[in-house]
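J.: Structure provided below as structure tokens; questions to follow.
The values are calculated or read from the model by the stated rules, or taken from the named source; none is laboratory data. Predicted model, so just to flag it, every value in this text is computed and none were measured. FYI the Cβ positions are ideal-geometry reconstructions off the backbone, even for glycines, and counts take in every protein chain you see.
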Amino acid sequence: MLNLPPGKEGVFSRELLVDAIANGVIGAGSFKIPDTNVQPASLDLRLGEIAYRIRCSFLPGPQSVERKLRDYVIDELDLHKEGAVLETNRPYLVLLKEQLNLPPGVRAKANPKSSTGRIDVFTRVVTDEGHRFDEIAEGYQGPLYLEVVPLSFTVRVREDLTLNQLRLSIGRTTLTDDEVRDFHSEEHPLLFEDGKPVPARELALSDGMFLGLDLKGDTTARVGYRARENAPLLDLTSDQLIDPEAFWEPVQSEGGDRIVLSPQKFYLLMSSGAVSIPPELASEMTAYDPTNGELRTHYAGFFDPGFGFDPEGPLDGSRAALEVRAHDVPFVIEHGQRVCKLTFDRMLEAPKTLYGEAIGSSYQRQEETLGKIFRRQ
């Protein structure tokens, strides 16, 4: 069914994803999957025609999502034409246009797109007979549903909007800490500080590589943004850049290069180190370990091959935007504090096209935390 490199393990490249679409491993029924939705190591998934407002989130367990959904539907919203408004802190479930017919040994994983995480819209994929969100079992055959929960802003969405993305992989893909250190020192630097590779011995590794925060900020000491309360409707269907003023307030660091996070407020901040993902690897940002503090960072997950990397010349990485929320109490964070972690996965083969300006990628060389839908200040 698939023309995979024999005996190799790793994440599917763009070329292998295109092959998977052509062979019906990824389908969309009567809909065609746009070529532009296939990224170097991931596929953007599209919202279908109807959003179901549900009274609670759920996992279907031994049942299908369709059967389980009947017990929890409150309303149906039509996503055609002008789309529909999704209110904050209410869960919605949308049947995605894409569906899977995975062969034995091939599994899938989903994450929100970076632009989705930056507007504090929480998403996760649900599958028939699924016992976990976002992780899709080997050989799964069936539909994909997306749970969508706007947290800071009421949003307008419509059919074909892409809020999350999918990767396919086979075998053991994740590099161990020793493999990360060796790759960084022998193959290609994965982390830069002030334009220079971080010495391998100074990498903070523990089932992945930790990143620190930049809380020095710009010339005005601005280090990021905080979501405003009672903001107007955020129209994700608009073709025009949106004025950020009504949605975000700037955050300045205190003396000592620190800020105090207010409980339950959503912040956009930036990493101090710059990440570089070479063609042989893909990467994922994982949620912060709550044992290290009362906050959560980074809802969005995937870094395609080529992020912070330029095969034609020097590019000393790109900094990562971090979505941060404190939980129950005010929580201080300081410059350089490690608040998120990257894991690295082998590619089955290096993609021919990399993340970057050539394919219209939005966050290469980024120095701004706001998502691409907002007009730059």
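J.: Restricted to the stretch 333-366, and to residues that are farther than 27 Å from Ala108 by Cβ and among the acidic types (Asp, Glu), which residue is modelled with the highest pLDDT?
T.: Glu334
J.: Working only within the stretch 316-355, note down all residues that are under 19 Å from the mean Cα position of the chain (by Cα) and acidic (Asp, Glu).
T.: Glu323, Asp345
J.: Is it true that some residue in the stretch 21-32 is crowded, with 21+ Cβ neighbours inside 10 Å and either assigned by TED's automatic domain parsing to the domain that holds Leu144 or among the aliphatic types (A, V, I, L, M) (or both)?
T.: yes
J.: Answer yes or no as to whether Arg181 is of a type in the set (D, E, K, R) and in contact with a Ser or Thr (Cβ under 9 Å, 6 or more places away or on another chain).
T.: Against the criterion (of a type in the set (D, E, K, R) and in contact with a Ser or Thr (Cβ under 9 Å, 6 or more places away or on another chain)), Arg181 does not qualify.
J.: Is it the case that the stretch 172-183 has a residue that's surrounded by 23 or more Cβ atoms within 10 Å (Cβ to Cβ), in contact (Cβ under 8 Å) with a residue 40 or more places away in the chain and more than 18 Å from Thr286 (Cα to Cα)?
T.: no
J.: In the stretch 235-256, which residues are part of a strand (DSSP E or B) and either touching a Cys at 6+ places or on another chain (Cβ under 7 Å) or acidic (Asp, Glu) (or both)?
T.: Asp235, Glu249, Glu254
J.: Would you check which residues across the stretch 279-295 are at pLDDT below 85 and either surrounded by 17 or more Cβ atoms within 10 Å (Cβ to Cβ) or part of a loop (DSSP other than H, G, I, E, B) (or both) and list them?
T.: Hits for the stretch 279-295 are Ala287, Tyr288, Asp289, Gly293, Glu294, Leu295.
J.: A further question follows. Quick check on the stretch 246-265. Is at least one of its residues crowded, with 17+ Cβ neighbours inside 10 Å, within 30 Å of Glu82 (Cβ to Cβ), aliphatic (A, V, I, L, M) and at pLDDT 95 or above?
T.: No: the stretch 246-265 contains no residue that is crowded, with 17+ Cβ neighbours inside 10 Å, within 30 Å of Glu82 (Cβ to Cβ), aliphatic (A, V, I, L, M) and at pLDDT 95 or above.
J.: In the stretch 53-86, which residue that is basic (Lys, Arg) and outside any helix (DSSP H, G or I) is surrounded by the most Cβ atoms within 10 Å (Cβ to Cβ)?
T.: Arg53
J.: Additional query: Return the residues of the stretch 1-52 that are in contact (Cβ under 8 Å) with a residue 60 or more places away in the chain, part of a loop (DSSP other than H, G, I, E, B), among the small types (Gly, Ala, Ser) and more than 29 Å from Tyr72 (Cβ to Cβ); say none if nothing qualifies.
T.: If the condition is that a residue be in contact (Cβ under 8 Å) with a residue 60 or more places away in the chain, part of a loop (DSSP other than H, G, I, E, B), among the small types (Gly, Ala, Ser) and more than 29 Å from Tyr72 (Cβ to Cβ), then Ser13, Gly24, Ala41, Ser42 are the ones that fit.
J.: Please work out which one of (1) surrounded by fewer than 21 Cβ atoms within 10 Å (Cβ to Cβ); (2) at pLDDT 95 or above is the condition Gly217 fails and give its number.
T.: (2)
J.: Another question, if that's okay. On the basis of being modelled with pLDDT of 90 or more and in a loop (DSSP other than H, G, I, E, B), does Pro314 make the cut?
T.: No.
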